[in-house]
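A short write-up of the structure that comes next.
Readers should treat all values here as calculations from the given coordinates under stated rules, not as data from a laboratory. Not measured: the values here are computed from a predicted model. Here Cβ is always computed from backbone atoms with ideal geometry, including for glycine, and neighbour counts include all displayed protein chains.
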Amino acid sequence: MSSNRLASYSQRMAAITLVFIVVMMVVNTGAWLFPDVAARYGLGFALTERQLSSMSEDAMHLAGWQRLGAILLSSIPLLALALGLANLRQLFKRYAQGLYFSSEAAVYLGRAGRAVALWVLLDFLCEPFLSLLVTIHAPVGQRLLTLSVTAPSFVALFLAACIAIIARILSQASEVDSENRTFV
């Protein structure tokens with residue numbers, strides 16, 4: 001693949017990543033504002049989708065403060081993921097400039113990996129609070145405190161570890177590249 005095509009692909013991926021960040025946050029907010037539509041079409045990300053899919057249609061009629069709280073609580077893990085995607089976007093921008101073995105690229109990749117791991121942790125920590133919030137007005141015996149450890153969480157943690165290792169390899173490669181440039 002030519003470097004021009006790689007730069008073009010990297011520029012596109014940077015733009016797509018930005019669009020994905022915005023869409024992810026908008027869809028999460030919309031899922032809580034219009035839970036019946038979200039449930040019908042399977043909209044929502046991770047924590048929001050798990051909560052909405054377990055609620056009955058009657059339970060989806062939340063008070064305004066509950067909706068706001070649900071938006072805020074479910075956005076916490078997504079903000080960590082958005083931070084990781086923003087770092088990934090910066091990485092693509094460096095690649096578009098031809099900076100494949102820069103120390104900056106390694107830093108951005110490492111940050112993206114750590115953000116994915118943080119996303120999984122925050123998703124796990126926010127879920128019990130979110131489940132309590134959305135079921136607080138339910139009759140006794142129907143209030144929920146949920147905790148989930150899902151297969152996608154393990155996959156995300158594995159990918160985060162892989163990304164962190166690749167970032168360290170890229171950091172070493174950037175040092176070797178820098179040394180090689182001093183000899184030429």
Worksheet entry | Exclusive hit being loosely packed, with under 13 Cβ neighbours inside 10 Å and out of contact with any Lys or Arg (no Cβ under 9 Å at 6 or more places or on another chain), set L122, L159, L145, L170 | L145
Worksheet item: Which one is nearest to L118 (Cα to Cα), of the residues in the range 160-175 that are free of Cβ contacts under 8 Å to residues at least 24 places away in the same chain and over 22 Å from the mean Cα position of the chain (by Cα)?
Response: I169
Worksheet, complete the sentence: Expected single match for acidic (D, E) and over 30 Å from R5 (Cα atoms) among E175, E127 is E127
Response to the item:
Output for Cβ contacts, cut-off 8 Å, separation at least six or different chains, first residue in contact (Cβ under 8 Å) with a residue 24 or more places away in the chain in the range 97-110, second surrounded by fewer than 20 Cβ atoms within 10 Å (Cβ to Cβ) and acidic (D, E), reads F101/D177; S103/E175
Practice prompt. Scan the range 24-66 residue by residue and report those that are under 20 Å from A82 (Cβ atoms) and of a type outside the set (A, V, I, L, M, F, W, C).
Written response: N28, T29, G30, G44, T48, E49, R50, Q51
Discussion item. Among the residues in the range 60-81, are any surrounded by fewer than 16 Cβ atoms within 10 Å (Cβ to Cβ), out of contact with any strand residue (DSSP E or B) (no Cβ under 9 Å at 6 or more places or on another chain), of a type in the set (D, E, K, R) and at negative phi?
Written reply: no
Worksheet entry | Candidates S74, S10, S53 - the one that is in contact with a Cys (Cβ under 9 Å, 6 or more places away or on another chain) and of a type outside the set (D, E) | S74
Worksheet item: Can you tell me how many residues in the range 96-108 are farther than 20 Å from V22 by Cα and surrounded by 20 or more Cβ atoms within 10 Å (Cβ to Cβ)?
Response: 3
